[in-house]
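Novice: Once you've had a glance at the structure underneath, I'll fire off some questions.
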Amino acid sequence: MIESPVRRAASLAAFAAVCTIAAAGQTLPQRAADTNLADRIAAILTPPNVARDHWGIQVTTLEGITLYSLNAAQLFQPASNAKLFTTAAALALLGPNQRFTTRIQYDADGDKDTIEGDVVIVGDGDGSFNDSQSDRSSSHAEDDTHREPLPLRRLAEFANDIAASGIKHIKGNILGDDTAFPWEPYPSDWAHDDLLWGYGAPISALSVNDNQLQLTVTPGRSETDRPAVHWQDAMPPYYTLDATALQTGPSGSGPHIQIDRELGSKTIRVYGSIAIDAPADTQQIAIADPAEFAAVAFKSLLQARGIAVDGTASARHRSLTQAASFLTESMRPLPDLPNAISVADSSFLTGIVDCYNVCPKMFQHTSPTVQQDILATNKMSSNIHAELLLRHLGKQYGDCSQPAFTVTTSCAAEGARVIRQFLINAGIDGTQFVFFDGSGLSAHDLVTPQATAQLLSFAAHDPKTAEPQPWFAAWKASLPVGGVDGTLASRFSTPPLKNHIFAKTGTLGEARALSGYLVAASGRTIIFSIFVANHLPGTTEDREAMDEIVAAIQSTQ
């Protein structure tokens, strides 16, 4: 909700006056209503169970005028609030209409039914190549004979294409090629115990099903029967399951299931117990090497269609060769970075690969637009989508070398470099943030509430034009809505907060964050950024206090 011209004019006058104060590191004198807000927040943070936590809060107008501030210039772990920075830069610099293409290619000679060489699945960083149930955009006719489960739908369409072309025999290998980006599966300081799970899946330019597999544990029919452990229907063999230490427990004993995998191993160990009357327990398990899995799955799909494959299924990666550290590389200035790409320019970025000389046989699948991808990224807080956007930024604007180059630079570091320059160009102090990834899963990420609020203000109110950025509407629409959708579907579920909060959540270990826009009782839109660090593990008091603070802001402003 944008403020009225009268209120905006008054706010702009106040903003001019605050610039001098802000430059000196001060905040505006608080009005009576703001003092009331300060008192209410102080009361919320007084109980010992939240007072011992570390809090940072910034509340401003759309124009960036401070209404309330607490430790706002101190650094906090942003968790998934980091996605605010990644997606804003991606919309501005990649453009809302850019797409990416995954393709199958092989050398073809006439109308032969045999492929003499390799068949290669070439990824281009399409995070949507996961065939989710919500993605029904395929242009391929559905084959009633081969109804694959949705996680393999796109690969199945490629297999249908090859079968329809008359191929009966492949003498070479099936390769999953993710060399569009260097192989950097895990950003710096992703925790070891996150890497087993779907949200900590490795990052690859060739991604399938968000690089995760669904594992389900179902209790036995009696306490002497072993529980059933299985992958989602028709998924190809990739991991070996060891459930020898898993038991069916007595009625009412609940689920007590543990899952682990040693790094470098393809054995998933499932142990513990699940009660005979417990519902099935389902977990998302990370795929260790997504490009390799894509090749394994594709080989299986080809064989299911009667196509013989002589070779093996494996991955083709590209290694880093640059010696500079991530921090050194990401801190380098990028003086020629534009402020944004025009929407008109981005409309031509289809992602489709053209071939003009000696061309392999090729089938292609084009992704949804960046704008659609960011909708999924922020609503559902997808780590892999954010990480791929970071790498696309590095590839398009940084020095992320292509496979033909001798020195291979980190696309992740170059992406962080692009985001850093984008934020500095937006007027945000470069000492108030540092990002080691695009998703916020790295414990090295740090940002201040003040910098977060400044980004929200920059998006909604271009300092040069006093109008929202061209990409603002799409970006705001990607934020979860209180009581309605995404990661806020179950929070702020009653009026006046329901449907009046547009914000990004964040949770990482003992850190939590919530930043975005809210429509206050006065009708004006307010920016808020709330961070908390060092709360006790397994507690929710800090989140409840955070929600109370949002309610206090809404009612007093």
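Novice: Considering only protein heavy atoms and a 1.4 Å probe, what is the carbon-and-sulfur percentage of the accessible area of the stretch 209-293?
Specialist: On the way: 1940 of 4190 Å².
The nonpolar share, carbon plus sulfur, comes to 46 percent.
Novice: Among V481, G125, P182, which residue has its Cα positioned farthest towards the positive end of the charge dipole of the chain, with +1 placed on the Cβ of Lys and Arg, -1 on the Cβ of Asp and Glu, and the dipole taken about the Cα centre?
Specialist: Projecting each Cα onto the dipole axis, the largest value belongs to V481.
Novice: Using the crude model of +1 on Lys and Arg Cβ and -1 on Asp and Glu Cβ, and no other charge, please compute the dipole size for the stretch 387-544 relative to its Cα centre, in debye to 20. All intermediate terms of the calculation are to be shown ahead of the outcome.
Specialist: Numbers: 12 positive and 13 negative charges, 68 e Å.
So the magnitude is around 320 debye.
Novice: Can you tell me the dipole magnitude for the stretch 146-292 around its Cα centre, using point charges on the Cβ only (Lys, Arg +1; Asp, Glu -1), in Debye to the nearest 20? Walk me through the intermediate numbers first.
Specialist: Values: 10 positive and 20 negative charges, 120 e Å.
That gives a dipole near 580 debye.
Novice: Based on the Cα coordinates of the stretch 452-540, what is the per residue volume of their convex hull in Å³?
Specialist: Residue-normalised Cα hull volume stands at 105 Å³.
Novice: Here's something else I'd like to know. When the Cα centres of the stretch 227-268 and the stretch 428-480 are compared, how far apart do they sit, in Å?
Specialist: Computed from Cα coordinates, the inter-centre distance equals 41 Å.
Novice: Measure out, as a whole number of angstrom, how far apart the alpha-carbon centroids of the stretch 72-98 and the stretch 368-392 sit.
Specialist: Using only Cα atoms to place each centre, the spacing works out to 11 Å.
Novice: Now for a different question. So how strong a dipole does the chain carry about its Cα centre when Lys and Arg Cβ are +1 and Asp and Glu Cβ are -1, to the nearest 20 debye?
Specialist: Numbers: 39 positive and 59 negative charges, 233 e Å.
That gives a dipole near 1120 debye.
Novice: Give me the percent of accessible area attributable to carbon and sulfur for the stretch 401-547, probe 1.4 angstrom.
Specialist: 55 percent
Novice: With n ≥ 4 as the cut-off for DSSP H runs, can you work out [θ] at 222 nm for the chain, using -39500 (n - 2.57) per run divided by the number of residues, rounded to the nearest 500?
Specialist: For the chain, the value works out to -8500 deg cm²/dmol.
Novice: For the chain, what percent of Cα pairs sit more than 47 Å apart?
Specialist: Cα-Cα pairs in the chain separated by more than 47 Å: 18 percent.
Novice: Follow-up question, since we're still on this one. Could you check the simple spin-label distance between D485 and N425, using points 7 Å along Cα→Cβ, in nm with one decimal?
Specialist: 2.9 nm
Novice: Let me ask something else. Just the number, please: Stokes-Einstein D of the stretch 179-320 in µm²/s, Kirkwood Rh from C-alpha pairs, 10 °C, 1.306 mPa s.
Specialist: Rounded, D is 95 µm²/s.
Novice: Using alpha-carbon pairs under 8 Å, 6+ residues apart, how would you state the relative contact order of the chain in percent?
Specialist: 23 percent
Novice: Per residue, how large is the accessible surface of the chain? Use a 1.4 angstrom probe and give square angstrom.
Specialist: Numbers: 23020 Å² over 557 residues.
It amounts to 41 Å² per residue over the chain.
The values are calculated or read from the model by the stated rules, or taken from the named source; none is laboratory data. Note that the structure is a prediction, hence the values are computed from the model and not measured. Backbone-built Cβ (ideal geometry, glycine too); neighbour counts: all protein chains shown. Only protein heavy atoms, including side chains, enter the accessible area calculation; ligands, DNA and RNA are left aside. Shrake-Rupley method; radii C 1.70, N 1.55, O 1.52, S 1.80 Å.
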